[in-house]
Each structure stands twice: as C-alpha cells, then as structure tokens.
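The values are calculated or read from the model by the stated rules, or taken from the named source; none is laboratory data. Please read all numbers here as calculations on a predicted model, not as lab measurements. Methodologically, a virtual Cβ is constructed for each residue, glycine included, from the backbone with ideal geometry; neighbour enumeration extends over all protein chains shown. Each accessible area value is taken on the protein alone, full model and side chains, heavy atoms only, with ligands, DNA and RNA left out. Shrake-Rupley method; radii C 1.70, N 1.55, O 1.52, S 1.80 Å.
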Amino acid sequence: MGMDEKVDEVLKQYELDIRTRRRVRGSVVIESGDRFYVVKPYLGDETKIFFEENVKERLVENGYEYVDIALKNNSEKYISDDPCGGKWVVRRWFKSQECDIKDEKQVCMAASHLAYLHKYMRLSTDLAIKLNTSKIDIISMFEKHNNEMKRVNSYIKAKKKKNRMEISILNSFKEFYNQGLEALEYIKKCNADKLCEKTISENRIIHGSYNYHNISFAGENIITSNFEKAAVGLQVTDLYDCIRKTMEKNSWNSDMGISIVKAYINSREMETGELEMLYALLMYPEKYWKLVNFYYNGKKTWISEKNYEKLEKIRNQESDRQKFIAKIKDLTV
C-alpha cells in the first residue's frame, strides 16, 4: 500500500471536508474549510503525544494559538492507524515561510519568541504525565562525550593506514578535546545541579528542537511546530540549539550571535546560572564530537566526503567561534 492510500485510510477517521491535498517532506498537507492540516507519520505513543498536546494547550490558554495542535480522530485519539499498522497524526498547519537563518532580524524575533514560549511552557505539578524528569545531568553528558572522543582518537592512532578523515581528526583532536575538558570543569562550578533541580520541581518544558526548520512566519505571527522532543528540561538548551545552528550557518558572526542572546534576555530575564550554562554549552565542541562519533560508529571502509568537508569547515571556523564564545563570557561577568 502506497503513501497516498495510507493517508486516505487515515483521513476517513476524521470529520474533515478536504478541498486540496499535496505532499510535503514525507507528509501530506490538506485544506479543509478555511484551515490547513498536515498528515504525518508518528513514531511515539499516546502517552508521548498526550504530553506534547498538554504543552501546546498551556500555550493556547495563555493566548498563543500558533502551534501545530493535533486533532483527535473519531475515536477520540490523537494517533490513527493505517491498514499496515503505521501510526499517523493530523495536525493544524499554517501557510507560512520558514525562518530565514541568514536574516538577523528574523532570527532575533525567533529568539525573543522563544523567551515568550518559555514563560508559559511549564506544566502544573498535578499533571500525572511527566517525561524525562528523573534527572537532568549535563555533567555526565559532557563526561560521556569526552570519553567517546578519547576512544576514537586512540582507535585511529592504533591504525597503520589512515585516510584523510582520520588524519584530520588526529590533527584536531587535542584542541577540541581540551575544549571538552574545559567546558566540563566550568560547568561543575556554575551551580548546574541547583538549576536542574529547580527545572524539575517546576516542570519547566523545553521545545527540544527549536531551530529554523520549526519556526516560520505568517505575516506578523510566528508559528512554532514539531514539539515531538518536548520534555522537562533546561530551557536554556533551547536557546543554545537556536544559537549554535544559526552561528554555524553564519560563520560564527559574533555581532549577530550577541544580538540573538540579547533579544532573548530582553523578553525573559535569565535566572542565576542560566547564562553561565549557555556559556558552558557553547564552549563544548558539540559539532566536532558529533562528527567524530558518527565516523566511529559508521562503516570504516567508506568515508563520507560530506562529513570530511564538515570537519574541515569546523576547523576553519574555529577562530571565529572562539571570538563569539569570548563575547558570551563577557556577558557572564
């Protein structure tokens, strides 16, 4: 059964007067009445999507309606099955333009908007469904990543014949590994545990994937979508994700980066320890670790040219990255 047939079967479970439909990135966008909806495959379960929708409902209750709220089907469930056992969700959709990551004004508006969302993305303590609330441990995550980088370096050093990806990793390892150690030592000193405990006790929610793919503009309105990774977590990590991905696409333009941080702070004053946490996260060479780890866990007989180019780009941008990080440090003192 093809995708179109599966979607047909899913849509039979909803009371929608469908006027038009078209495929978009593995999904189907439909028009019904004066509204748009997107039909997408879903990998989670009812517990997970119920959590997501509670987060969105909290935003709607506080006057923000521009989120991709899921519809319930005729059985009053968010998830609908197709005849092949696939899971699907129908969500509200909007005619909008994806955030232009090269447009400083739009990116700053997105950062300010994130601060607004963070004010209301907190679930009540009596809500029974809470995910990932046992412990938030950035320190252990840094330690794990550092050990992984060290293991890869040792593996490559032991090889007799090395390709250019492996040579590049060896030549850059010490610089980036030391950054990982420095970030780990810094985060141990910036009251991370206290901030994590407060986050859990107040059920503060992160979007989990706040980047330009999930931020779009419809006139003066900003649309936020794809809350699949929403969970109780340190909200400053959303800001970090937004900044890191924007900076990578803009050659670590320091002025632009500082403008993004200030746009967020102007809309939501950061609490004690949050700016230091942001600094620590930016210090950590996450992109380098990801590429090195991807190399180690992939096929060694074939090296991706694209990943090699990414690694070289990281190395070439490192000077500008450090300049930006130094400016973030100035904000913490």
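Quick notes
- Kirkwood analysis of the Cα pair distances in the stretch 36-106 returns a hydrodynamic radius of 13.8 Å.
- With N the number of residues in the stretch 178-277, Rg(Cα) / (2.2 N^0.38 Å) evaluates to 1.17.
- Ranking Leu234, Asn316, Met256 by Cα position along the charge dipole of the stretch 182-333, where only Lys, Arg, Asp and Glu carry charges on their C-beta atoms, puts Asn316 farthest toward the positive end.
- 3J(HN,Hα) along the stretch 207-222: 5, x, 7, 7, 9, 4, 5, 10, 10, 9, 10, 10, x, 8, 9, 9 Hz, from the Karplus curve 6.51 cos²θ - 1.76 cosθ + 1.60 with θ = phi - 60°, whole Hz, x for Gly and Pro.
- Mean Kyte hydropathy of -1.0 or more with a Cα span along the axis of at least 18 Å, helices from DSSP in the chain: 46-61, 104-120, 138-158, 164-188, 236-249, 254-267
- Rounded to the nearest whole angstrom, the semi-axes of the ellipsoid equivalent to the chain, taken from the Cα gyration tensor as √(5λ), stand at 36, 26, 20, largest first.
- Residue order by solvent-accessible surface for Phe324, Phe294 is Phe294, Phe324, largest first, with ligands and nucleic acids left out and a 1.4 Å probe.
- Figure note: Ile69, Ile136, Ile49 ranked by solvent-accessible area, largest first, 1.4 Å probe, ligands and nucleic acids not counted: Ile69, Ile136, Ile49.
- Unit charges on C-beta of K, R, D, E only; dipole of the chain, Debye: 1660 debye
- Each of Tyr64, Tyr212 has its accessible area taken with a 1.4 Å probe; listed largest first, they run Tyr212, Tyr64.
- Selection from Asn62, Tyr210, Asn221, by position along the positive dipole direction of the chain (Cβ): Tyr210
- Here the gap between Asp330 and Ala158, fully extended at 0.36 nm per residue and compared with their Cα-Cα distance, gives a gain of 57.8 nm.
- Here the dipole of the stretch 165-290 is about 120 debye; that uses its Cα centre as origin and unit charges on the Cβ of Lys and Arg (positive) and Asp and Glu (negative).
- For the stretch 128-222, the solvent-accessible area with a 1.4 angstrom probe is 54 square angstrom per residue.
- Carbon/sulfur fraction of accessible area - the chain, other protein chains in place, 1.4 Å, %: 48 percent
- Prolate/oblate/rounded call for the stretch 214-333, Cα gyration tensor, a/c under 1.5 rounded: prolate
- A Gaussian network model of the chain, with springs between Cα atoms under 10 Å, assigns the largest mean-square fluctuation among Glu220, Glu312, Glu185 to Glu220.
- Estimated from helices alone, the mean residue ellipticity of the chain at 222 nm is -17500 deg cm²/dmol (sum of -39500 (n - 2.57) over DSSP H runs with n ≥ 4, per residue).
- Rounded to the nearest 0.05, the FRET efficiency derived from the C-beta distance between Lys174 and Lys299 at R0 = 30 Å is 0.70.
- Global dimensions of the stretch 19-71 from alpha-carbon coordinates: Rg and Dmax equal 12.8, 33 Å.
- Unit charges on C-beta of K, R, D, E only; dipole of the stretch 37-191, Debye: 1000 debye
- Compactness of the stretch 116-255, expressed as Rg and Dmax over alpha-carbon positions, Å: 19.1, 59
- The rule of thumb for compact globular proteins, 2.2 N^0.38 Å, goes into the C-alpha radius of gyration of the stretch 1-155 1.32 times.
- Averaging the Cα positions of each part gives two centres, and for the stretch 44-110 and the stretch 217-232 these lie 8 Å apart.
- Largest first and in whole Å, the equivalent-ellipsoid semi-axes of the stretch 223-289 read 18, 16, 14, each the square root of five times a Cα gyration tensor eigenvalue.
- Both radii were evaluated on the Cα set of the stretch 269-310; the Rg over Rh quotient, with Rh as the Kirkwood radius, amounts to 1.26.
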